[in-house]
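*Asks:* Before we start, here is the structure in question, set down as C-alpha cells.
The values are calculated or read from the model by the stated rules, or taken from the named source; none is laboratory data. What you are looking at is a predicted structure, and each value in this text was computed from that prediction instead of being measured. Heads up, the Cβs are rebuilt from the backbone with ideal geometry, glycines too, and the neighbour counts pull from every protein chain shown. The protein model used for the area step is the full one, side chains on, heavy atoms only, and it has no ligands, DNA or RNA in it. Shrake-Rupley method; radii C 1.70, N 1.55, O 1.52, S 1.80 Å.
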Amino acid sequence: MKILLSILREMADIPSDPEIVATALNSLGLAVETMDVVGTPVPGVVAARINRMEKHPDAAKVTRCFVDAGDGEERHVWCGATNMQAGDIVPLATLGTKMPNGMEISRRGILGIDSEGMLCSEVELGLSDESSGLLILPAESPLGVSPFEILGIEHDVVFDLDLTRNRADCWGHLGVARDLAAYFNVPLRGPKVEPGTLGESRSIPVSISAPDNCGLFSIAAVSGITVGPSPRWVASRLAHLGMRSINNVVDASNMVMLETNQPNHAYDANVVSAFNVRLANAGETLTTLDGQVRELTPDDLLIANATTGNGVGLAGVMGDLHSEITEATTQLAFEAAWFSPDPVRFSAIRHGLRSEASIRFERGTDPEAWNLAAERFVTILRETCPNVVLHAGTTVERTSSCPAPLVVTTSVARIEKLLGIAIPAERIASILNAIGFVTSIEGDVVTSIVPTWRPDCTQDVDLIEEVARHFGYDNIGKTVPKSTVHGRLSNMQLRRRALRRVLVGLGLDEAMPSPFLAPGDLSNVGLTEDNVLRIANPLVADESILRTSLRPGLLRSLRYNQSHRAPRIGLWEIGHVYPKSGAQLPDESEQLAIVVAGATAEVALEQWNAICDALSVGAQLDQSRVPAGLHATRSASLTRGKKVVGVVGEIDPVVLNELGIDGRVSILEVDLTTVLNEEPKPVQARDINRFPSSDIDLAFVVPESITASTIQRAIRSAAAKRLVSIDLFDVYRGKGLPEGSRSLAFRLRLQEDGGTLTDAVIADVQKACVAAAEKAGASIRS
Amino acid sequence: MASDLTPQQQVAHALADGVARIQAAASSDDLKAVLAGLTGKKGSFVAIRSSLGKVADIEERKALGQLVNEAMAELDVATQARAKALRAGEFATQIEADRVDLTELAMSARASRRRGRMHLVTQATERLEDVFIGLGFQIAEGPEVETDFYNFEALNMPPSHPARSMWDTLFIESDVEGSVVLRTHTSPVQIRVMQEWPPPIYAVMPGRVFRKETPDATHMPVFHQIEGLVIDRGITFADLAGTIESFTKAFFGPGFTSRLRPSYFPFTEPSAEFDIRRPDGSWIELGGCGMVHPHVLRAGGLDPNEWSGFAFGFGIDRMAKERHGVEDLRDMYSDDVRFTEQFS
C-alpha cells in the first residue's frame, strides 16, 4: 500500500523528515518496505518545442530533432524515441544537466554530429517506473520552464507499506495518519473538508434486496459538474500512488478512496436515477470497466439501475463499463456503501478480479465513512467545478448486516498480567482514545467502544495489543520466565543424533531430496503406487505424489552425482514417508535409507552392523523374503519375528538399468520409528574372566543352500556357555570342494568360568560343535 | 690349554680373548654364537671351571673360583654393551629400510577418505536445538501431513478465514476436499503439544514445512522452520521479549540484540515480528512471535484464565544460508556432493 507523506501531513502535523516518519511507521507495525523520494525537479531540464525532425541516412534508429527551448537558439538533439512529432513540446535536458540516475548530459555525437542535450522520458526524469517514449508536455506549455513546474509535480515521499491483514483501516491515508498523530502526540485533522452549505434536498431512491451482503448503501446527489481534467496536484498525487489520471470526477473519486479508505462510485444521475442492490441472476452478464464481459452467479452482488433493472456495477468489485460518466455529465449520484467482506472476496476470486475496491471491502471498511467521503469528494471537485453542490437528503439505507459499534472490556490488571508491565489507567485510556476508541475506566475495568473502522478489534487481547503497540513494544522490557522445565533431548532424539554421527563416520553424506515424486517414480524402483497420497493442487505434475519410500529420491540424487563423475557416492537420508492409511492422516513414519554407488551388499551389512552396535539394536537377516525392488539373490529383509524393520542388500540390476545408474548400488533401509523409539536397558558390567582362553578353528564344507548363520547358530548353541566369541575367518569356494558348496572356517574362543580349560573339555566342546554343525547340514573339512 | 701358564694366567688370558671376540661380533646372531663358544657347554670357561677341581688347596681353589666368577661377570658386561651397540645399528638399518613418504600415504584413498557430511539444514537444526535446550526447552515433533484442524482451525483460522491466504497451501486429495494439507508451518505442533503434554510447556518444534511456491534463490516449496511454545502460569509479553533476547545472545553471540515490532498473526495477540541487530548495527528480520491467542489455548485444551503463553517461529534454511554464505537455496537442496563436501 502506497502512502504519500504530503497527504499524511495535510491530515496531521507529523514531522517532515521521512526517516523519522518511517521509524514511527515501523514501530507501529506498519512495516515500510520501501521509501522513495519522488518528483524531485531536475535542474537543467526545460520545456522545448520540436521545430522539425530529420532522418540521417546512416542512422536508422535515431532521429535528428531541432528544438527551441525558448531562448531563440535552435539546438540539434539526437533522439531514439519514436512517439514525438514536430510541434510537440518535450523535456530537454540541457548540456551539463545531472540526471536522476547520475548521468551527466554532455555533447555526445553520432556520425560526427554533436547532440546538444537529451530529450527525456518520464523514467529518465524519475517520474515513473515505465514509459513508452518521450514525455509529451501539454501544448502551449511555456518554453524554457521546468516540466516539473508545468505539470505541477510535487516533491513528495512515497512509503510502500507491507500492511498486515488486520489493519483494514490503513488502506486509507487517514488510518495511517491517525496512528502517526497518536505516535507523535499531535491532533488528527483528517482530510480537508470545506464546510460548504448543502444544496436543496434531493433524494435518490435506493432499495436493498440482499440485506446479508449489503449493510449500508448511501447515495448523495451532486450537481454543478463539468467533466474535465484534474488539477495538477491531484494528477500528480495519483501518479505517485500508482494510479492514472482520467478526469476530474473519476480522479476525485479515487482520491477519496485512497485518503479515507471508502471505495465509492459516481454515476451520471441522469442515467441512473434509482438504485436496487440485489443478488445477480444466474447467467446475467455485466461488462466491467476493464472491458471484460462477466457472467454472474447468484452469489454475486449487483448494483442495478432500479428503473431498467440492468446492472450498473459488480458490488464492491468493479463498475459497469456502459454506466461510466461522460463529458456531458452534469449531475452525479455518488455511492458510498458497506458490503460484507466475505462475499466480496469470493466474488473477486470467482472473477479473477482483485480491484482497489475489493481489496478494501474484503478487509472491512468503515460503515460510517460515507458522509466524509461525499464531503471530501465535493471539496476536491470544487477546484475544477466551482458551482458543485452536494445536495441535502442523501439516501442512506442500512440493513441488519451493517456492523454496530462493538464494546470490548478488559482490565488494568489483565493488561499488566499479559504484558508484564504496569501501565497506569489514565495512560491506557489516553492511548486508546488517541486512536479513536472511546474508553472509560471504572476501578479496574476498562470499557472501550471500538471505532467502526477497526473491525479487527473484537476482544480484550485485541484491545491489549493496541495498548502495547502505542505504549511501544520497546518500552515493555525484557524478562525471562521462571521455568520449572529442564531442557533435554528425548530418548528418540538422542538416538537419532547418535545415528547421524555413525553415518557420517562411515563417510556417508546426508541428502535431502524432495519428498514429492512424479507418478511412476515408485514403480520405476519396483515399489507399489497403490498406497500413495496425491497432492490435489501440485505445482507441477512431476511433484504430485507423496513418497512412500526414500528410495526413489535418493537414487535420483545418486544418479545426478554419478552423472557429474563423482567417485564412490554414499548418500543417506533420514526422513518421513507418507503411505496412505485407512484413517484421515497417512501412516507417516520416519525412515533411514543409505545408498552407495559401486558397493555390494557387504557394504550395506557393514553399515547395518555399525548401526546395531551404536544403537544396541538387532534383527534377523531373512533372505527368504526378498524385498521389492532389490537384487533377488543379494538382499534380505531385516526382521523381528514377523515384523520387517528394514531391508539390506543391493538394488535390483533391472531397476539400476532402468534408472541409468552404473555399477552395483548397495542399499540399507531401516524403520526408525520402530528402532529409534526403543530404549535398550543399560548393559550391566560383568567381571573380566582372567582364566586363560583357548582358540579352536573348525572348517566345514557347507552346501550353498544352507546359510552361514544356520551353521553359526548351531555351533553357538553347542559350545554354549564356554563360547566367548565366534568369527567366520575364511570363506573358500573352488577346487577341492563339491559343486554347490563352500568352505566356512570359524574360529572359536573358549574360556571356562572359574578355572582353566582342560584339553579334555576342549575336545568335548569341539566334538559337540562339529556334531551340531553336521546335524545342520555341514560336514567337517579334513 | 698351555701347561706353562698358571691358572690365574689362564683365566686372564681367556677373559682377554673372550672380550676381544665379543667386541668383534658383527651381528646379534654372531654375538649369540660367540657367547656359546665362551660360556656354553663346550665353552672355554666351562673347561677352566672344571679344571679348578684339580687344585688341592682349598683356599687357593676358592680364590680361583672367585676369579673365574669375576671374569664371567666382566664378560657379561662386555656382552650387554656389545649387544646394545649391535641392536642400535640394526634398528637404524631397519628404520632406514622402513622409510615411507608420509605425504604420499596421506594422499592414499584410505587416508584421504573424509567423514560424511550432515546436510546444512540438519547442522543448523542441531545448533538451534542445542541453544534452546540450554535455555530450558524440550523438543517436540509432529506429522508433516496435517488435518485442516491442526494447520488452520485450531490456530484461530476457521474455514474460509481470509488469513488462510497468508499461506499458499498444498492440499492432499481426500474424501473431504481440503481437509488434509501438507502443513504450511510448524505451528500445528503447538496444538498437538498442548493436547499431549501437561503444562508447563517449554518446547521448540523444528521440522519440514510445505508451500505451493515455485523454487527460486530464496524460496523452496519444501523448507524448514522452528517453532517455540511456552505455556505456564503468568507468562507475559516481557517474557517473550526476554526469551527472544536470550536466544539471540546464545545463538548469534553476545554482541547481538533483538527487538520486537508489532505485526499480525491469527494465532497470537499481541503479535510481533522479531529482528536481530548485528554488532555493526544492521538488522536481520528473523521471524514472527506473540502471545498465544485465547482461542488457540482453548483449542489446545487449556484454560486461558489459568495459563498464558507465547509462541515464536522462524526459518531454519535461512540460518544455514546466512551462516555459510549460500547464494541460492536451490544449491542447498541439490544433493550435489560437490556442494555438500565443502561443509565439515
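*Asks:* Measure nothing but the geometry: give the 0 to 90° angle between the long axis through the Cα atoms of A:601-615 and the longest principal axis through the Cα atoms of chain A, rounded to 10°.
*Replies:* 80
*Asks:* From the cross-link list A:LYS721/A:LYS775; A:LYS643/A:LYS721; A:LYS721/A:LYS767; A:LYS681/A:LYS721, which pairs have alpha carbons spaced over 27 Å apart?
*Replies:* A:LYS643/A:LYS721
*Asks:* Express the relative contact order of chain B as a whole percentage, based on alpha carbon pairs under 8 Å and six or more residues apart in sequence.
*Replies:* 14
*Asks:* For the stretch B:16-127, what is one quarter of the convex hull surface built on the Cα atoms, given in nm²? Could you put the intermediate results ahead of the total?
*Replies:* Working: hull surface 58.5 nm².
Reported value for the Cα convex hull: 14.6 nm².
*Asks:* How far is helix B:58-98 tilted, in degrees, relative to the longest principal axis of the Cα atoms in chain B, given as a value from 0 to 90 rounded to the nearest 10?
*Replies:* 40
*Asks:* Still on this structure, please answer the following. Hey, could you grab the Kirkwood Rh for chain A? Inverse mean 1/r over distinct alpha carbon pairs, Å, one decimal.
*Replies:* On the way: mean 1/r = 0.0286 Å⁻¹.
That comes to 34.9 Å for chain A.
*Asks:* Of all DSSP beta bridges located in the protein assembly as shown, what percent are antiparallel, nearest 5? Each step should come with its number before you reach the end.
*Replies:* On the way: 177 of 186 bridges.
Around 95 percent antiparallel, to the nearest 5.
*Asks:* Something else about it: How much FRET efficiency would the formula 1/(1 + (r/R0)^6) give for A:ASP299 and A:PHE184, where r is the Cβ-Cβ distance and R0 is 45 Å, rounded to 0.05?
*Replies:* Efficiency for this residue pair is about 0.50.
*Asks:* Carbon and sulfur together cover what percent of the accessible area of the stretch B:7-109 at a 1.4 Å probe radius?
*Replies:* 60
*Asks:* Of the accessible area of chain A, with the probe set at 1.4 angstrom, what percent is carbon plus sulfur? Kindly include the intermediate steps, with their values, before the conclusion.
*Replies:* Working: 17590 of 35120 Å².
Heavy-atom surface of chain A belonging to carbon and sulfur, 1.4 Å probe: 50 percent.
*Asks:* Any chance you could check the Cα centroid distance between the stretch A:263-287 and the stretch B:201-251 for me, in angstrom?
*Replies:* Rounded to whole Å, the Cα centres lie 49 Å apart.
*Asks:* Can you tell me which of A:635-642, A:566-573, A:647-654 comes out highest on packing, and rank the rest after it, using the mean Cβ neighbours within 10 Å?
*Replies:* Output ranking for A:635-642, A:566-573, A:647-654: A:647-654, A:566-573, A:635-642.
*Asks:* For the stretch A:557-611, what class follows from the C-alpha gyration tensor (a ≥ b ≥ c being the square roots of its eigenvalues): rounded when a/c is under 1.5, otherwise prolate if a/b is larger than b/c, else oblate? Let's see the in-between values first.
*Replies:* Values: a/c = 3.74, a/b = 1.77, b/c = 2.11.
Judged from the Cα gyration tensor, the stretch A:557-611 comes out oblate (a/c at least 1.5, b/c at or above a/b).
*Asks:* Still on this structure, I have one more. Quick one: ranking A:THR452, B:THR218, A:THR379 by accessible area, 1.4 Å probe, largest first, what do you get? Can you show the working numbers first?
*Replies:* Numbers: A:THR452 35, B:THR218 80, A:THR379 10 Å².
Reading off the accessible areas and sorting them downward yields B:THR218, A:THR452, A:THR379.
*Asks:* Whole percent per 10 Å bin, from 0 to the bin with the longest distance: what is P(r) over all C-alpha pairs of the stretch B:120-340?
*Replies:* 8, 33, 37, 18, 3, 0
*Asks:* Need one number: buried accessible surface between chains A and B, 1.4 Å probe, both sides summed, DNA, RNA and ligands left out, in Å² to 100.
*Replies:* For chain A against chain B, roughly 6800 Å² becomes buried.
*Asks:* List the aspartates and glutamates whose Cα sits under 12 Å from the Cα of A:LYS482, skipping any in the same chain fewer than 8 residues away.
*Replies:* B:ASP232, B:ASP239
*Asks:* Run down the lysines and flag those whose C-alpha is under 23 Å from the C-alpha of B:LYS212, throwing out any fewer than 8 positions away in its chain.
*Replies:* Within the straight-line cut-off, B:LYS212 pairs with A:LYS580, B:LYS321.
*Asks:* A further question follows. What is the calculated FRET efficiency for B:ASN69 to A:ASP687, with r their C-beta to C-beta distance and R₀ = 51 Å, to the nearest 0.05?
*Replies:* Working: r = 49 Å, r/R0 = 0.96.
That gives a FRET efficiency of 0.55.
*Asks:* Rounded, prolate or oblate: which fits the stretch A:267-385 when a ≥ b ≥ c are the square roots of the eigenvalues of the alpha-carbon gyration tensor, with rounded for a/c under 1.5 and prolate only if a/b beats b/c?
*Replies:* Since a/c reaches 1.5 but b/c is at least a/b, the shape of the stretch A:267-385 is classed as oblate.
*Asks:* Starting with the highest mean, order A:245-258, A:225-238, B:54-67 by the number of other Cβ atoms within 10 Å, averaged over the residues of each peptide.
*Replies:* So the peptides A:245-258, A:225-238, B:54-67, ranked by packing, come out A:245-258, A:225-238, B:54-67.
*Asks:* So, one more: Just counting partner chain Cβ atoms within 10 Å, what average do the residues of peptide A:469-480 show around their Cβ?
*Replies:* 6
*Asks:* Would you work out if the stretch A:628-763 is rounded, prolate or oblate? Take a ≥ b ≥ c from the square roots of the eigenvalues of the alpha-carbon gyration tensor; rounded if a/c is under 1.5, else prolate when a/b is larger than b/c, oblate otherwise. The partial results should precede the final answer.
*Replies:* Values: a/c = 3.11, a/b = 1.45, b/c = 2.14.
Cα axes put the stretch A:628-763 in the oblate bin.
*Asks:* Solvent-accessible area of A:ARG427, probe 1.4 Å, all protein chains present, reported in Å² to the nearest ten, please.
*Replies:* Approximately 100 Å² for this residue.
*Asks:* For the protein assembly as shown, report the accessible area per residue in Å² (1.4 Å probe, heavy atoms, rounded to an integer). List each step's numbers first, then the result.
*Replies:* Working: 51160 Å² over 1126 residues.
Counting only protein heavy atoms, the per-residue value for the protein assembly as shown is 45 Å².
*Asks:* Which of the lysines could be linked to A:LYS192 by a straight reach, that is with a Cα gap under 29 Å, when you skip same-chain ones fewer than 8 residues away?
*Replies:* Partners within reach: A:LYS2.
*Asks:* Starting from 0.36 nm per residue, how many nanometres of slack lie between A:GLU74 and A:SER717 once their C-alpha separation is accounted for? Walk me through the intermediate numbers first.
*Replies:* Details: separation 643, 0.36 × 643 = 231.48 nm, distance 11.31 nm.
Extra length available between A:GLU74 and A:SER717 comes to 220.2 nm.
*Asks:* Quick one: helix A:551-563 against the long Cα principal axis of chain A, what's the angle to the nearest 10°, folded into 0 to 90?
*Replies:* Computed tilt is about 90 degrees.
*Asks:* Per residue of B:110-122, how many C-beta atoms from partner chains lie within 10 Å of its own C-beta, taken as a mean?
*Replies:* What the average comes to for B:110-122 is 5.
*Asks:* Within 10 Å of each Cβ in peptide A:416-429, how many partner chain Cβ atoms are there on average? Round it to a whole number, please. Present the calculation step by step, with values, prior to reporting the outcome.
*Replies:* Working: counts 1, 4, 9, 7, 9, 3, 0, 0, 0, 0, 0, 0, 0, 0.
For this peptide, the per-residue mean of nearby foreign Cβ atoms is 2.
*Asks:* Note the count of lysine pairs whose C-alpha atoms are less than 26 angstrom apart in the stretch B:7-109, limited to pairs 8 or more residues apart or on different chains.
*Replies:* Value for the stretch B:7-109: 10.
*Asks:* Leaving ligands, DNA and RNA out of it, rank B:GLU153, A:GLU154 by accessible area with a 1.4 Å probe, largest first.
*Replies:* Result of the area sort, largest leading: B:GLU153, A:GLU154.
*Asks:* Still on this structure: Ranked from the most accessible area to the least, with a 1.4 Å probe and all protein chains present, what is the order of B:HIS219, A:HIS391?
*Replies:* Numbers: B:HIS219 75, A:HIS391 5 Å².
Heavy-atom accessible area, descending, gives B:HIS219, A:HIS391.
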